[in-house]
Amino acid sequence: MTRTEALRAAVARLLEAGLEDRAADDTRLMLEHSSDLSRAGLISNMDRPQPADEAQHFEALIDRRARREPLSHILGKVGFWTLELEVGPEVLTPRADTETVVEAALAAVQDRQAPLRILDIGTGSGAIALALLSELPNAIAVATDLSQKALDIASVNAVRNGLGEQCILVRTRWADGVDPGYDLVMSNPPYIASAVIDTLDPEVRDFEPRLALDGGADGLAPYPHLIAEAQRLLKPGGTAVFEIGYDQGAAVLSLAQAAGARVQLRQDLAGRDRAVVCRFMP
Ligand code: GLN
(Lines give C-alpha, C1' and ligand atoms only; values in the text may rest on other atoms or scores of the structure.)
Protein backbone atom coordinates (compact mmCIF):
# COMPACT_ATOMS: atom_id res chain seq x y z
CA MET A 1 0.00 0.00 0.00
CA THR A 2 1.22 3.51 -0.72
CA ARG A 3 1.08 6.17 1.98
CA THR A 4 -1.73 7.89 0.10
CA GLU A 5 -3.77 4.69 0.20
CA ALA A 6 -2.98 4.11 3.87
CA LEU A 7 -4.01 7.69 4.64
CA ARG A 8 -7.34 7.31 2.83
CA ALA A 9 -8.18 4.08 4.60
CA ALA A 10 -7.30 5.64 7.96
CA VAL A 11 -9.44 8.73 7.36
CA ALA A 12 -12.37 6.46 6.51
CA ARG A 13 -11.88 4.58 9.79
CA LEU A 14 -11.81 7.75 11.85
CA LEU A 15 -14.90 9.11 10.11
CA GLU A 16 -16.63 5.89 11.08
CA ALA A 17 -15.45 6.40 14.66
CA GLY A 18 -17.33 9.72 14.72
CA LEU A 19 -14.43 12.12 14.18
CA GLU A 20 -15.98 14.23 11.43
CA ASP A 21 -14.02 17.46 11.93
CA ARG A 22 -10.75 15.95 12.99
CA ALA A 23 -10.33 12.83 10.85
CA ALA A 24 -8.26 14.31 8.01
CA ASP A 25 -5.98 16.55 10.08
CA ASP A 26 -5.41 14.01 12.84
CA THR A 27 -4.61 11.25 10.35
CA ARG A 28 -1.99 13.40 8.67
CA LEU A 29 -0.34 14.23 11.99
CA MET A 30 -0.28 10.56 12.99
CA LEU A 31 1.22 9.59 9.63
CA GLU A 32 3.92 12.18 10.15
CA HIS A 33 4.51 10.89 13.68
CA SER A 34 4.81 7.27 12.51
CA SER A 35 7.31 8.00 9.73
CA ASP A 36 10.95 9.11 9.99
CA LEU A 37 10.31 11.81 7.44
CA SER A 38 9.87 15.54 7.85
CA ARG A 39 6.58 17.05 6.75
CA ALA A 40 8.14 18.09 3.44
CA GLY A 41 9.79 14.70 3.00
CA LEU A 42 6.49 13.00 3.63
CA ILE A 43 4.64 15.10 1.05
CA SER A 44 7.07 14.11 -1.68
CA ASN A 45 6.93 10.42 -0.70
CA MET A 46 3.18 9.89 -0.47
CA ASP A 47 3.04 7.67 -3.54
CA ARG A 48 5.81 5.31 -2.37
CA PRO A 49 4.88 2.08 -0.60
CA GLN A 50 4.64 2.50 3.15
CA PRO A 51 7.47 0.50 4.82
CA ALA A 52 6.17 -2.39 6.96
CA ASP A 53 7.35 -1.02 10.33
CA GLU A 54 5.90 2.41 9.59
CA ALA A 55 2.61 0.82 8.48
CA GLN A 56 2.40 -1.13 11.74
CA HIS A 57 3.16 1.92 13.86
CA PHE A 58 0.65 4.08 11.93
CA GLU A 59 -2.04 1.41 12.26
CA ALA A 60 -1.51 1.27 16.03
CA LEU A 61 -1.90 5.06 16.31
CA ILE A 62 -5.07 5.01 14.22
CA ASP A 63 -6.47 2.22 16.44
CA ARG A 64 -5.95 4.40 19.50
CA ARG A 65 -7.55 7.43 17.89
CA ALA A 66 -10.51 5.32 16.70
CA ARG A 67 -11.07 4.50 20.38
CA ARG A 68 -11.25 8.27 20.89
CA GLU A 69 -7.99 8.68 22.75
CA PRO A 70 -7.01 12.37 22.44
CA LEU A 71 -4.54 13.15 19.68
CA SER A 72 -2.37 14.98 22.22
CA HIS A 73 -1.95 11.76 24.24
CA ILE A 74 -1.13 9.75 21.12
CA LEU A 75 1.49 12.24 19.94
CA GLY A 76 2.55 12.90 23.55
CA LYS A 77 2.74 16.62 22.94
CA VAL A 78 0.77 19.72 22.06
CA GLY A 79 1.57 23.22 20.91
CA PHE A 80 0.62 25.97 23.35
CA TRP A 81 1.51 29.64 22.91
CA THR A 82 4.95 29.44 21.26
CA LEU A 83 5.94 26.32 23.19
CA GLU A 84 5.81 22.59 22.63
CA LEU A 85 4.58 20.83 25.76
CA GLU A 86 4.66 17.18 26.73
CA VAL A 87 1.23 15.99 27.82
CA GLY A 88 -0.45 12.74 28.79
CA PRO A 89 -3.32 11.37 30.85
CA GLU A 90 -1.87 12.90 34.03
CA VAL A 91 -2.57 16.51 32.96
CA LEU A 92 -5.22 18.53 31.19
CA THR A 93 -4.18 19.11 27.58
CA PRO A 94 -3.80 22.89 27.27
CA ARG A 95 -6.45 24.38 24.96
CA ALA A 96 -6.20 27.41 22.72
CA ASP A 97 -8.82 29.00 25.05
CA THR A 98 -6.19 29.21 27.76
CA GLU A 99 -4.06 31.49 25.61
CA THR A 100 -6.71 34.13 26.41
CA VAL A 101 -5.67 33.82 30.05
CA VAL A 102 -2.00 34.30 29.16
CA GLU A 103 -2.84 37.33 27.01
CA ALA A 104 -4.90 38.89 29.79
CA ALA A 105 -1.98 38.56 32.20
CA LEU A 106 0.52 40.02 29.71
CA ALA A 107 -1.84 42.93 29.11
CA ALA A 108 -1.57 43.74 32.83
CA VAL A 109 2.25 43.80 32.73
CA GLN A 110 3.71 47.26 32.18
CA ASP A 111 7.38 46.32 31.90
CA ARG A 112 8.18 42.90 30.46
CA GLN A 113 11.80 43.19 31.66
CA ALA A 114 10.74 43.60 35.31
CA PRO A 115 11.65 40.90 37.86
CA LEU A 116 8.03 39.82 38.32
CA ARG A 117 6.84 37.06 40.62
CA ILE A 118 4.14 34.79 39.21
CA LEU A 119 2.06 32.16 40.98
CA ASP A 120 0.25 29.52 38.88
CA ILE A 121 -2.19 27.53 41.02
CA GLY A 122 -2.86 24.02 39.68
CA THR A 123 -0.33 24.25 36.89
CA GLY A 124 -0.89 20.82 35.28
CA SER A 125 1.45 20.66 32.27
CA GLY A 126 2.89 24.04 33.30
CA ALA A 127 1.23 25.73 30.33
CA ILE A 128 0.28 29.10 31.85
CA ALA A 129 3.41 29.56 33.95
CA LEU A 130 5.75 28.59 31.12
CA ALA A 131 3.99 30.69 28.47
CA LEU A 132 4.29 33.72 30.76
CA LEU A 133 7.94 33.01 31.59
CA SER A 134 8.71 32.75 27.88
CA GLU A 135 7.56 36.37 27.50
CA LEU A 136 8.96 37.71 30.79
CA PRO A 137 12.69 36.96 30.80
CA ASN A 138 13.38 38.25 34.33
CA ALA A 139 10.31 36.79 36.00
CA ILE A 140 10.16 33.73 38.20
CA ALA A 141 7.13 31.50 38.64
CA VAL A 142 6.00 29.30 41.47
CA ALA A 143 3.71 26.65 40.00
CA THR A 144 1.68 24.37 42.27
CA ASP A 145 -0.21 21.15 41.75
CA LEU A 146 -1.76 18.51 43.95
CA SER A 147 -0.60 15.82 41.52
CA GLN A 148 3.05 14.77 41.64
CA LYS A 149 2.67 13.24 38.19
CA ALA A 150 1.54 16.59 36.84
CA LEU A 151 4.53 18.30 38.46
CA ASP A 152 6.87 15.76 36.86
CA ILE A 153 5.47 16.68 33.43
CA ALA A 154 5.61 20.41 34.20
CA SER A 155 9.25 19.96 35.18
CA VAL A 156 10.10 18.25 31.88
CA ASN A 157 8.29 21.05 30.03
CA ALA A 158 10.13 23.78 31.95
CA VAL A 159 13.53 22.24 31.21
CA ARG A 160 12.80 21.46 27.54
CA ASN A 161 11.72 25.03 26.94
CA GLY A 162 14.79 26.46 28.64
CA LEU A 163 12.75 27.81 31.57
CA GLY A 164 13.86 25.39 34.29
CA GLU A 165 15.82 28.03 36.19
CA GLN A 166 12.83 30.38 36.33
CA CYS A 167 10.20 27.89 37.45
CA ILE A 168 9.77 26.49 40.96
CA LEU A 169 7.35 23.57 41.25
CA VAL A 170 5.56 22.97 44.52
CA ARG A 171 3.33 20.08 45.44
CA THR A 172 0.41 21.44 47.45
CA ARG A 173 -3.36 21.87 47.37
CA TRP A 174 -4.20 25.20 45.65
CA ALA A 175 -1.79 27.70 47.26
CA ASP A 176 -1.63 26.15 50.71
CA GLY A 177 1.59 27.17 52.45
CA VAL A 178 2.55 29.74 49.80
CA ASP A 179 3.72 33.10 51.19
CA PRO A 180 2.46 36.45 49.82
CA GLY A 181 4.33 38.69 47.40
CA TYR A 182 3.16 38.03 43.82
CA ASP A 183 2.63 40.38 40.90
CA LEU A 184 0.47 37.84 39.04
CA VAL A 185 -1.69 35.08 40.48
CA MET A 186 -2.96 32.73 37.78
CA SER A 187 -5.14 29.64 37.63
CA ASN A 188 -7.03 27.48 35.18
CA PRO A 189 -8.97 25.54 37.81
CA PRO A 190 -11.39 22.66 37.25
CA TYR A 191 -14.67 24.38 36.37
CA ILE A 192 -16.92 21.82 34.70
CA ALA A 193 -20.07 21.01 36.69
CA SER A 194 -19.74 17.39 37.88
CA ALA A 195 -22.90 16.20 36.11
CA VAL A 196 -21.80 17.77 32.81
CA ILE A 197 -18.55 15.78 32.61
CA ASP A 198 -20.33 12.63 31.46
CA THR A 199 -21.87 14.55 28.53
CA LEU A 200 -18.49 15.74 27.16
CA ASP A 201 -16.62 14.20 24.21
CA PRO A 202 -15.08 10.80 25.01
CA GLU A 203 -11.61 12.33 24.58
CA VAL A 204 -12.26 14.55 27.60
CA ARG A 205 -14.65 12.35 29.60
CA ASP A 206 -12.66 9.12 29.36
CA PHE A 207 -9.06 10.29 29.08
CA GLU A 208 -8.50 13.60 30.87
CA PRO A 209 -7.95 13.84 34.63
CA ARG A 210 -11.10 14.51 36.68
CA LEU A 211 -8.98 16.48 39.13
CA ALA A 212 -8.43 19.04 36.36
CA LEU A 213 -12.06 19.16 35.21
CA ASP A 214 -14.50 18.68 38.06
CA GLY A 215 -15.57 22.00 39.57
CA GLY A 216 -18.25 20.56 41.86
CA ALA A 217 -22.04 20.71 41.56
CA ASP A 218 -22.15 24.07 39.71
CA GLY A 219 -18.57 24.14 38.44
CA LEU A 220 -17.85 27.22 40.54
CA ALA A 221 -16.43 25.51 43.62
CA PRO A 222 -12.79 26.66 43.19
CA TYR A 223 -13.46 30.38 42.71
CA PRO A 224 -14.28 31.66 46.22
CA HIS A 225 -11.05 30.09 47.49
CA LEU A 226 -8.97 31.30 44.50
CA ILE A 227 -10.29 34.85 44.94
CA ALA A 228 -9.50 34.84 48.66
CA GLU A 229 -6.03 33.45 47.97
CA ALA A 230 -5.37 36.08 45.29
CA GLN A 231 -6.27 38.76 47.82
CA ARG A 232 -3.89 37.22 50.37
CA LEU A 233 -0.99 36.60 47.98
CA LEU A 234 -0.92 39.56 45.57
CA LYS A 235 1.36 42.52 46.13
CA PRO A 236 -0.42 45.91 46.10
CA GLY A 237 -1.15 46.67 42.45
CA GLY A 238 -0.92 42.99 41.45
CA THR A 239 -3.34 41.20 39.17
CA ALA A 240 -5.09 37.83 39.32
CA VAL A 241 -6.30 36.08 36.16
CA PHE A 242 -8.47 32.98 36.30
CA GLU A 243 -9.88 30.93 33.48
CA ILE A 244 -13.66 30.42 33.58
CA GLY A 245 -16.27 28.44 31.66
CA TYR A 246 -18.05 30.33 28.86
CA ASP A 247 -21.22 30.68 30.98
CA GLN A 248 -19.58 31.56 34.29
CA GLY A 249 -18.68 35.21 33.66
CA ALA A 250 -21.52 36.81 35.62
CA ALA A 251 -21.21 34.41 38.56
CA VAL A 252 -17.43 34.77 38.99
CA LEU A 253 -17.63 38.53 38.42
CA SER A 254 -20.02 38.92 41.35
CA LEU A 255 -17.96 36.61 43.58
CA ALA A 256 -14.86 38.72 42.94
CA GLN A 257 -16.69 42.03 43.33
CA ALA A 258 -18.17 40.84 46.62
CA ALA A 259 -14.57 40.23 47.78
CA GLY A 260 -13.75 43.87 46.93
CA ALA A 261 -11.98 43.30 43.61
CA ARG A 262 -12.15 45.47 40.54
CA VAL A 263 -13.02 42.96 37.85
CA GLN A 264 -12.85 42.68 34.07
CA LEU A 265 -13.97 39.80 31.86
CA ARG A 266 -11.99 38.82 28.75
CA GLN A 267 -13.31 36.84 25.81
CA ASP A 268 -11.73 33.98 23.88
CA LEU A 269 -11.37 33.89 20.10
CA ALA A 270 -14.94 32.62 19.79
CA GLY A 271 -16.16 35.69 21.69
CA ARG A 272 -17.14 33.78 24.84
CA ASP A 273 -16.20 34.89 28.36
CA ARG A 274 -13.02 32.98 29.20
CA ALA A 275 -10.96 34.90 31.74
CA VAL A 276 -11.68 37.00 34.79
CA VAL A 277 -9.10 39.66 35.69
CA CYS A 278 -9.09 40.91 39.32
CA ARG A 279 -7.30 43.74 41.10
CA PHE A 280 -7.66 44.44 44.79
CA MET A 281 -7.53 47.87 46.36
CA PRO A 282 -5.08 48.22 49.24
N1 GLN B 1 -11.96 23.98 28.95
C2 GLN B 1 -11.85 22.63 29.36
C3 GLN B 1 -12.91 21.75 28.68
O4 GLN B 1 -13.90 22.26 28.25
C5 GLN B 1 -11.99 22.48 30.86
C6 GLN B 1 -10.91 23.13 31.55
C7 GLN B 1 -11.11 23.24 33.02
O8 GLN B 1 -12.01 22.69 33.66
N9 GLN B 1 -10.26 24.00 33.57
O10 GLN B 1 -12.75 20.57 28.57
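Put simply, of GLY245, GLY271 the only residue that is open to solvent by less than 60 Å² (accessible area, probe 1.4 Å), out of contact with any helix residue (DSSP H, G or I) (no Cβ under 8 Å at 6 or more places or on another chain), at negative phi and not in a strand (DSSP E or B) is GLY245.
Within the span defined as the range 227-240, every residue fails to be farther than 19 Å from TRP174 by Cβ, within 11 Å of the ligand (Cβ to nearest atom) and not in a helix (DSSP H, G or I). Can you name the residue in the range 64-83 that is within 16 Å of the ligand (Cβ to nearest atom) and touching a strand residue (DSSP E or B) at 6+ places or on another chain (Cβ under 7 Å) and, of all such residues, is most open to solvent (accessible area, probe 1.4 Å)? Only one residue fits best here, namely VAL78.
So, of the residues in the range 84-101 that are hydrophobic (A, V, I, L, M, F, W, C) and within 14 Å of the ligand (Cβ to nearest atom), which turns out to be most open to solvent (accessible area, probe 1.4 Å)? Don't jump to the end; show me each part of the working.
Of the range 84-101, the ones hydrophobic (A, V, I, L, M, F, W, C) are 85, 87, 91-92, 96, 101.
Remaining after also requiring within 14 Å of the ligand (Cβ to nearest atom): 87, 91-92, 96, 101.
On the way: VAL87: 11, VAL91: 2, LEU92: 36, ALA96: 69, VAL101: 0 Å².
Among those that are hydrophobic (A, V, I, L, M, F, W, C) and within 14 Å of the ligand (Cβ to nearest atom), it is ALA96.
Restricting attention to the range 194-210, the residues that are more than 10 Å from the ligand (Cβ to nearest atom) and either farther than 17 Å from GLU69 by Cβ or without any contact (Cβ under 8 Å) to a residue 12 or more places away in the chain (or both) total 4.
Give me the helices (runs of 4 or more DSSP H) completely within the range 32-117, filtered to those with at least 3 residues that are over 23 Å from ASP152 (Cβ atoms) and within 25 Å of the chain's Cα centre (by Cα), ordered by residue number. Counting at least 3 such residues, we get 52-66, 99-107.
Yes/no matrix, rows are residues, columns are (1) loosely packed, with under 13 Cβ neighbours inside 10 Å; (2) modelled with pLDDT under 95; (3) under 18 Å from the mean Cα position of the chain (by Cα):
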| position | (1), (2), (3) |
| --- | --- |
| GLY162 | yes, no, no |
| CYS167 | no, no, yes |
| ASP179 | yes, no, no |
| ASP183 | no, no, no |
| SER187 | no, no, yes |
| ILE197 | no, no, yes |
| PRO209 | no, no, yes |
| LEU213 | no, no, yes |
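Out of the residues in the range 136-154 that are over 16 Å from the mean Cα position of the chain (by Cα) and farther than 16 Å from GLY177 by Cα, state the one that is surrounded by the fewest Cβ atoms within 10 Å (Cβ to Cβ). Across the range 136-154, the extreme among qualifying residues is GLN148.
The values are calculated or read from the model by the stated rules, or taken from the named source; none is laboratory data. Here the structure is a predicted model, which is why all the values come from computation and not from measurement. A quick note on method: Cβ atoms are made from the backbone with ideal geometry, for glycine too, and the neighbour counts reach across all protein chains shown. Accessible surface areas use protein heavy atoms only, side chains included; no ligands, DNA or RNA. Shrake-Rupley method; radii C 1.70, N 1.55, O 1.52, S 1.80 Å.
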